[in-house]
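Okay, so here's the structure we're looking at.
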Amino acid sequence: MQKFIARRMVVTVFTILLVSLIVFVMVRVSGDPRTLLLDDYASIEDYDELTANLGLDKPLFTQYAIFLRHALVLDFGDSVVDEQPVTATILQRLPATLQLGLAAFIFSLVIGIPLGILSSVKRDSVWDHVGKVVALLGQSLPPFWLGIMLMFFFAVTLDWVPPSGRFEWNSFILPAITLGWFTTAANMRLVRSSMLTALDSEYIKLARAKGVSESVIVWKHALKNAIIPPLTFMGVTLGTLVTGSIVAEAVFAWPGIGLLAFDALRQSDYAMLQGIIIFFTLMYVGTSLAVDILYAYLDPRIRFA
Amino acid sequence: MTSTAEYAVLAPRRVSASVWAARLLRGFRRRNILLGFSVFILLLITGTGILAPWISPYDPTRGKLENQKLPPAWIGERTATKTVVEFGQSPDQISISKAKRLKSDVVLGDRIEVVIRGSGRTEFLLGTDHLGRDMLSRIIHGARISLIIASVTLGVGGLIGTTVGLAAGYFGGWVDEVIMRVTDVFLAFPPLLLAIAIASALGPNFFNAILAIALTWWPWYTRLVRAQSLSLRERAFIEAAHGIGVNDLTIIRRHILPNVLTPVLVQATLDIGTAILTAAGLSFIGLGTQPPTADWGVMINIGRLFVLGGRWWIATFSGLAIFLTALAFNLLGDGVRDAADPRTRGADL
C-alpha cells in the first residue's frame, strides 16, 4: 500500500515537473516579452534594466529554477492584458468553474448510472436501446457543437433558459449538460458493461437459485460490485471536466477559468495561460491521486497487488 | 536445436486478409443497418475529401459580401412588421430614414413589413457564412482537412507508440521501466490540456495541432503494444527463433510486429473518431487550423457567434459533418473490433 502510494506520488511529481517544463518552454518560444512590455521610445538602458528585472540575462537553467520557485508559491506573474496578478484572477474565477463542474458531475451520475443499470437489467428493451444511443452520441458528438445546438433550441428558439452567462439556477442547465455529456455516456457504458459481467457471475446464479428476489440481486449483489469500475474511472472523468470546461465555458460565456483560458489563448496572454495550465494540472493530478488512494483503500485487490 | 521448419510450426497462424474480410462481412450482416450506414457515410466523406477541389461548387476561402449570411436553399425569407419611428431602438421599430428607402411614402407611426432575412438561394445549397462563402464548399474542403489530421495524427502517434512499446515489451528490464514511467507521466494528465500546452508552445497552426495530438496519443499505443509483446516474448516460437540464433531486430520485425499489428490497427480504427473530435476541438479554441482555411472546428467557432441572431446554419452543418464522421468511424471501429475479437461481439456499443 505504501509502495503504491509512493509510486503514484513520484509519478505525480514528475507529471507536474513535465508540465512546468512545457509551460516554461511555451512562454520562452512564444516571443520576446520585452518587445511587448516596452514601447517604441524605450532606451537601451530601459531595455537592459528590464532584462535584468525579468532575469533574462541568466542562463536558461537558472531561469527555469526561478520559474519553479515562483510556481511553488503559485506566483505566475501578471497578466499581459490587464496587468493583474494571474493567480488572483484564477482564484476569483475558480468558484464558477467548480460550481459548473459539480453540476455536470451530478448530471452525469444522475443520468448515466440509472440508465446503465436499466439497460443491463432489461437487455434489448427500449431502455437498452436508449442507453446504446446515449453511449454512441457521447463518443461522437463534438461538445462545443452540442452546446451551440442546445443554446439555439432551448435559449434562442424556445426561450426557456438564458442563452449565456451565470445567473439563476436555470442558467446552469445547458452548460452542465454540455460539459457532462461525455461523462454521462462514459458512466452509462461502464455501469452497463460491469453490471452485465456481474449479473452473469456465479454468485448471482447462486443467489437466484436460492430464491433471492430480483430487486435484491440487482441492487445489493450486482450493483455493489459493478460500481467499482465507474469509480476508478472518476479520475479520468474529472480530467475531462477540467479540460472540457474550456469549451463549455467558451460557448456559454460562463465566467470561469475555462473562459479565462479561451480568452488568454485568443489574446496570446501567455502569463495567464501558463498559470491556468499549471493550475488545471494541479487540480487534475491532485484529484486523480486522491481518487486512486481512496480506491486502493476500498479495493483490497489493488492494495495488496 | 530446433530446426527452422519446426519453429515455423510453433508460430501462431496469422489470419489472412480473406478471413478478416469474411468476419467483417459477417459483422455487417449482423448489424446490417448501422455498419452499412457507417460505411456509406465514410465512403461519402472520404470521396468528398479526396475529390474536394473538383466537386466543390465554389472556392471555400473566397466569397462575395453581397451574398453574406444567406440561409440554406430551402429556407424562405423571414419578415416582421415594424413600427416606423424617428430613431429605431428596439427590434420591433425601424427608423424613418431606413423605412424611406424601402417605401418612399411612409410617415412616423406607420407599420410596415420588413424583410429581416433574405430567402435561401439554390446556388448556395447550405447557405453562406458572414463573408458570403458557400457553406457546402467549405464543408467539402473541411472533410479533406479533417481526414488528413486524423490519419496523420494516428499514424505518427501509432508509429511512436508501437516502436517504443516494442522496445519496452521485448527488451524488458530497465528499458521497460524507463519507458513505462515516461508513459505514466504522459498519461497522468488530461490529453487536451497537454495538446493545448504543446500547440500554444509551438504556435497555432495545422501541423503543430497534428504534432500536439500525436504527442498526447502515443502512450496509449505503447501500453497496448508492450502488453502484447510481453506475452509474445515468452511464447515458444520466439524462444525457438532465439535458439536458432535469429537476432533481436529480426525477431521483432518478423515475429513480434506482425502479431501486435492487429490490435494496434483495431485500436487505431476505434480512435479515429476521437482524433477527429480532438482536432476539431483544438481548431475551435483557436489552436489548430487557422482561418480562412475551411476547417470544421473553425467554422463552428465562427458560427457560434451568429447563433444568437438566429443564423443557425453556419455552425449546424459543419458540426453535423464532424458528428457524422466521428459516428461513422466509431461504428466502423466497433465492427472491426468485433471482427478481430469475437469475445467482445455485442458486449457493448
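For chain B, the Cβ-based charge dipole about the Cα centre amounts to some 660 debye (Lys, Arg positive; Asp, Glu negative; other atoms uncharged).
With a 10 Å cut-off around each Cβ of A:131-142, the average count of Cβ atoms from other chains is 6.
Mean projection of the alpha-carbon convex hull of chain B over all orientations, in nm²?
Numbers: hull surface 94.6 nm².
For chain B, averaging the hull's shadow over all directions gives 23.6 nm².
With Cα atoms as the point set, the radius of gyration and Dmax of the range B:236-349 evaluate to 21.7, 74 Å.
Legend: ranking of residues A:Asp82, B:Asp134 from fewest to most surrounding C-beta atoms inside 10 Å; resulting order A:Asp82, B:Asp134.
Springs join every pair of Cα atoms under 10 Å in this Gaussian network model of chain B, and among B:Arg253, B:Arg235, B:Arg101 the largest mean-square fluctuation is at B:Arg101. Based on DSSP H runs of at least 4 residues, each adding -39500 (n - 2.57), what is the mean residue ellipticity at 222 nm of chain A after dividing by all its residues, to the nearest 500 deg cm²/dmol? Taking each H run of at least 4 residues, the total per residue is -24500 deg cm²/dmol.
Using only the Cα atoms, what convex hull volume per residue in Å³ does chain A have?
Details: hull volume 48.4 nm³, N = 305.
Measuring per residue, one finds 159 Å³ for the Cα hull of chain A.
Nearest 10 degrees, 0 to 90: what angle lies between the long axis of helix A:126-140 and the longest principal axis of chain A (Cα atoms)? Rounded to the nearest ten degrees, it is 20. Could you work out how far the C-alpha centroid of the range B:111-134 sits from that of the range A:191-263, in angstrom? A separation of 46 Å, based on Cα centres. Taken about its Cα centre, the protein assembly as shown carries a charge dipole of about 2800 debye when Lys and Arg each add +1 at the Cβ and Asp and Glu each add -1 at the Cβ.
Taking a straight line from the alpha carbon of B:Lys100, these lysines sit under 21 Å away, with near neighbours fewer than eight places off in the same chain left out: B:Lys82. Averaging Cα coordinates gives a centre for the range A:128-151 and one for the range B:31-78; these two points are 22 Å apart. For the range A:90-268, the spread of Cα coordinates along the three principal axes comes to 65, 35, 28 Å, biggest extent given first. Rounded to the nearest 500, the helix-only mean residue ellipticity at 222 nm of chain B stands at -21500 deg cm²/dmol, with each DSSP H run of n ≥ 4 adding -39,500 (n - 2.57).
Of the three principal axes defined by the Cα atoms of the protein assembly as shown, the extents in descending order read 104, 71, 57 Å. Among B:His255, B:His130, a tally of other beta-carbon atoms within 10 Å of each Cβ gives an order, fewest to most, of B:His130, B:His255.
Report Rg/Rh for the range A:23-150, rounded to two decimals, where Rg is the Cα radius of gyration and Rh the Kirkwood radius.
Working: Rg = 25.0 Å, Rh = 19.9 Å.
My calculation of the ratio gives 1.26.
By other beta-carbon atoms within 10 Å, ranking B:Thr262, A:Thr89, B:Thr79, A:Thr183 with the fewest at the front produces B:Thr79, B:Thr262, A:Thr89, A:Thr183.
Which whole-angstrom value gives the distance between the alpha carbon centres of the range A:11-28 and the range B:188-230? Here the two parts' Cα centres lie 15 Å apart.
None of the figures in this text is laboratory data; all of them are computed from the coordinates on show. Predicted, not measured: the structure shown is a model, and the values here were computed from it. Positions of Cβ are backbone-derived with ideal geometry, glycine not excepted, and every protein chain shown enters the neighbour counts.
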